[in-house]
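The values are calculated or read from the model by the stated rules, or taken from the named source; none is laboratory data. Predicted model only: the values in this text are computed from it and were never measured. Glycine gets a Cβ as well: all are built from the backbone with ideal geometry, and neighbour counts include every protein chain shown. In case anyone asks, the SASA skips ligands and DNA or RNA and just uses the protein heavy atoms, side chains included. Shrake-Rupley method; radii C 1.70, N 1.55, O 1.52, S 1.80 Å.
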Amino acid sequence: MTRKARAPRAEKTATLSRPSASAPADPSPVGPALNGPALNGPALARLEVRNLATIRELELDFAAGLSVFTGETGAGKSIIVDALGLLLGSRANTDLIRTGESDLLVTGFWNEDGDESSASRRLAAQGRGVARLDGEVVSVRELQDWAQTRLTIHWQHSAVSLLGPANQRALLDRGLPEQTAAYTHAYREWQEARARLERLRTGERERARQLDLLTFQSREIAEVAPLPGEEEPLQAELNRLANLETIAQSAAGALTLISDGEENALGFLGEAVRALNASARYDDASAALQQELRAALDSLQAVSGELRAVAEDGAADPEQLARVEGRLGALGKLRTKYGPTLDDVLEFQAGVEEELAALTSDEQAAGTLDADVEALLDELRRVGAKLDSARQKRAAPLAAELLAVIRELGMPHARLEFRLSPLSEPALYGPSDVTIQFTANPGEDLAPLSDVASGGELSRVMLAISTVLGADTPAVVFDEVDAGIGGGAALAVAEQLHRLARSRQVMVVTHLAQIAARADHHFKVEKAVEEGRTVSRVRPLSPDERLEEIARMLGGNTSEAALGHARELMAGRQG
C-alpha cells in the first residue's frame with residue numbers, strides 16, 4: 001500500500017510533548033537519527049492522542065534508539081502503550097474514552113523512505129468507531145495488518161504467547177524457510193490425496209446417490225440453458241405483449257393527429273411547403289427552409305407508416321406470449337432452486353460440473369489412488385525427516401544464544417533447550433512437536449516453559465528472543481518488561497534493550513532507573529488536576545530533569561546521594 005495523503009491532526013489546545021523554550025538541549029549521546037542507517041524499516045515519527053483515559057490531548061515526537069517512559073506509580077505510563085495498541089487493532093473498549101467526551105482519537109505518523117504515512121483509530125461512545133490509513137476509511141483488520149508490519153508491543157501479559165506450542169515451534173522454524181515450505185507442500189499433497197481416497201471409501205451407495213443428485217441438477221439446468229442477463233429483455237417483451245392493446249390505441253391516437261384526422265400534421269406541413277413556393281424562387285433562405293420542411297414531411301410520412309403498423313397490431317400472438325411466459329417461468333424455477341440470481345445459477349452449475357468430474361475421476365482412479373496415498377506419505381516422511389534434522393541442528397546453537405542472554409538477565413542458573421517429540425502421524429507443521437524446556441533454578445529438572453516459568457521469567461525470555469532473533473518489526477514496545485527484577489539483572493536488561501535499539505526503534509515503559517539511564521530519549525508521565533479533572537501529561541526531559549527523575553527512581557527523592565548515584569548510572573551509559 002502506497003499512501004502519501006496525511007490524515008488531519010487533532011486540534012491543539014496545548015502542546016504537551018515539547019520542552020519549554022528555556023529547556024537546554026540534551027548534550028548526552030542520543031540514538032541514531034530517525035531515518036538513519038541503523039534503523040531497519042519505517043520509523044514511528046509522531047503520536048497524537050485525544051481524549052484517551054486521563055489524556056485530554058497529547059502530541060509526542062519520536063526518534064530512533066531507546067526511548068523510555070517513567071513516572072510515579074499510577075501516573076498512567078501504560079496509556080501510551082494502550083494508544084499504540086489501538087493502532088494495532090486491539091479490542092475497542094469505550095471505557096478508554098475520557099469521561100464526558102464523545103470519542104477518542106489516536107493517530108500515528110510513520111516516516112517511510114522520505115514519505116509520511118499515517119494510521120488512525122477513532123472510538124465513539126455511541127456507535128461504531130472508524131479506522132483510517134492515510135485518511136482512507138479501512139476495516140480494523142486492514143489497519144491491524146498494516147500496523148503489524150511496523151510495530152510490535154510486548155504487553156505485561158503478552159509474554160504468555162510464548163506458552164503456545166505454535167509460537168515456540170515458530171522460533172525454531174524462523175531460520176528454516178526452505179525446509180518448512182517443502183514440508184508444507186508435501187503435507188498438503190498427501191492430505192488432498194487422502195481426502196479423495198476417503199471420499200471413495202464412503203461407499204458405493206453414497207457415491208451413487210451423490211452422482212444421481214448431481215447429474216439431475218446438471219441436466220435440469222442444462223435443459224433450460226440459461227444465459228447471463230436474459231431475464232431483463234424477456235420481461236420487457238412480456239410487458240409489451242401484455243399491453244399491445246394499449247400500445248395500439250396510443251399509436252392510433254397519434255396517427256389521427258399526424259395523418260388520419262380531418263386536420264392533421266401532414267396536411268399542415270404540405271400547405272406550409274406550398275406556401276413557400278413563391279418566395280423560394282427569389283430567396284435562398286426561403287428555399288432552404290422549404291427544403292427542410294419537405295424533409296420533415298418525408299420523415300413524418302415514414303413515422304405515420306410505422307404508427308399504422310403498430311396500431312393495426314393490437315392483439316398478442318398467443319404462441320409468442322406463451323413462449324415468453326414459459327421461458328421466464330423456467331428461469332424463475334431455476335433461480336428458486338439454485339439462485340437467487342441467474343449468475344448464481346450458472347455458478348452453481350459450474351460447481352456441479354466440477355464435482356461430477358471429480359467423482360468420475362475418483363472412480364476411474366480408485367485402482368491406483370491407494371498406492372498414490374502411500375507414496376505421498378513416504379515422501380512426506382522423507383521431507384519431514386529433513387525438517388526435523390534441520391530443527392535439531394538449529395536447536396542447540398539457538399538455545400545457547402538465548403541462554404547466554406537469559407543468564408545475563410538475572411537468571412544465572414537457567415537452562416533451556418528445544419525438545420522435539422515425534423508425533424504418531426505427521427501434522428501440518430511437521431512430524432514432531434517442538435517445545436521449549438526450561439528451568440531457572442539449579443538442581444531442578446527441565447520442564448515445559450508453560451509449566452515452570454513465572455511472569456517475570458517469561459518477560460525476560462521474551463526480551464532475550466527479541467534481542468537474539470531481532471524484533472519482527474522496525475519498532476518494538478515493551479510494557480513493564482522489567483517487572484520483578486533489580487540490581488545486576490536490571491543493568492543486564494538495560495544493556496539488552498540498548499543493544500536491540502541499535503537496529504530497532506525501542507520504547508519501554510519502566511520503573512527501573514538502570515533502564516532509564518541507558519535510554520537515548522527520556523519521557524516523563526505526570527498527573528495533574530485541572531479544573532477538578534485529572535489530566536495526564538507526557539513530556540521529554542532535559543538533562544537536569546533526567547538526572548532528578550533517575551535519582552527519584554533510585555531512592556524516592558533527589559538527595560545528593562541519590563543524585564550522585566544517578567550521575568554514575570548516566571555516566572555508565574557512555575560505555
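With 42 Å as the cut-off, how large is the P(r) tail for the chain, expressed as percent of Cα-Cα pairs? More than 42 Å apart: 53 percent of the Cα pairs in the chain.
V324 contributes an accessible area of around 10 Å² to the protein surface, as traced by a 1.4 Å probe with all chains present.
Surface composition of the range 61-204: carbon plus sulfur atoms hold 46% of the accessible area, using a 1.4 angstrom probe and ignoring ligands, DNA and RNA. Here the Debye sum runs over all C-alpha atoms of the range 33-132 as equal scatterers in vacuum, and log10 of I(q)/I(0) at q = 0.13, 0.17, 0.20 Å⁻¹ comes out as -0.50, -0.80, -1.02. With every protein chain in place and a 1.4 angstrom probe, the accessible-area ranking of M553, M507, largest first, reads M553, M507. Computed about the Cα centre, the dipole magnitude for the range 415-458 is approximately 100 debye when only Lys and Arg (+1) and Asp and Glu (-1) carry charge, each at its Cβ. The heavy atoms of S503 present about 50 square angstrom of accessible area, all protein chains included, probe 1.4 Å. Per-residue ellipticity at 222 nm computed for the chain from its helices equals -17000 deg cm²/dmol, with DSSP H segments shorter than 4 residues left out and the rest contributing -39,500 (n - 2.57).
Estimated at the nearest 10 Å², the accessible area of H185 is 110 Å² with a 1.4 Å probe. Applying the Kirkwood pairwise sum to the alpha-carbon positions of the range 426-497 produces a hydrodynamic radius of 14.3 angstrom. Estimated translational diffusion coefficient (Stokes-Einstein, Kirkwood radius over Cα pairs, 20 °C, 1.002 mPa s) of the range 81-221: 105 µm² per second.
The calculated pair-distance distribution of the range 176-325 uses every alpha carbon pair, bins of 10 angstrom beginning at 0, and gives 9, 16, 14, 13, 11, 9, 8, 9, 8, 4, 0 percent. Think of a 1.4 Å ball rolled over the protein heavy atoms: the chain then has 51 Å² of accessible area per residue. As a ratio to 2.2 N^0.38 Å, the alpha-carbon radius of gyration computed for the range 203-278 takes the value 2.55. Stokes-Einstein D for the range 515-575 at 25 °C, 0.890 mPa s, Kirkwood Rh over Cα pairs, in µm²/s? Taking Rh from Cα pairs, D becomes 197 µm²/s.
As a calculated quantity, the FRET efficiency between A208 and A236 at R0 = 35 Å, using C-beta atoms, amounts to about 0.20.
With q set to 0.14, 0.20, 0.21, 0.22 Å⁻¹, the log10 of I(q)/I(0) for the range 377-516, from the Debye formula over equal scatterers at the Cα positions, is -0.72, -1.15, -1.22, -1.28. Here the chain is assigned +1 on the Cβ of each Lys and Arg and -1 on the Cβ of each Asp and Glu. Its dipole about the Cα centre then comes out at about 3020 debye. By DSSP, the beta bridges lying fully in the range 369-521 are antiparallel in about 70 percent of cases.
Orientation-averaged projection of the range 103-145 equals 3.1 nm² [convex hull of Cα atoms, one quarter of hull surface area].
Taking the charge dipole of the range 409-453 about its Cα centre, with +1 at Lys and Arg Cβ atoms and -1 at Asp and Glu Cβ atoms, the residue from L409, A453, L420 reaching farthest to the positive side is L409. Taking the accessible area of the range 442-575, probe 1.4 Å, and keeping the other protein chains in place, the carbon and sulfur fraction comes to 47%. P(r) for the range 476-530, from all Cα pairs and a bin width of 5 Å, is 4, 18, 32, 22, 11, 6, 3, 2, 0 %, short bins first.
Placing a label point 7 Å from the Cα of L200 along the Cα-to-Cβ line, the residues of the range 348-362 whose backbone N sits under 20 Å from it are 354-362. Of the DSSP beta bridges with both residues in the chain, give the percent that are antiparallel, rounding to the nearest 5. If we restrict to bridges inside the chain, about 75 percent are antiparallel.
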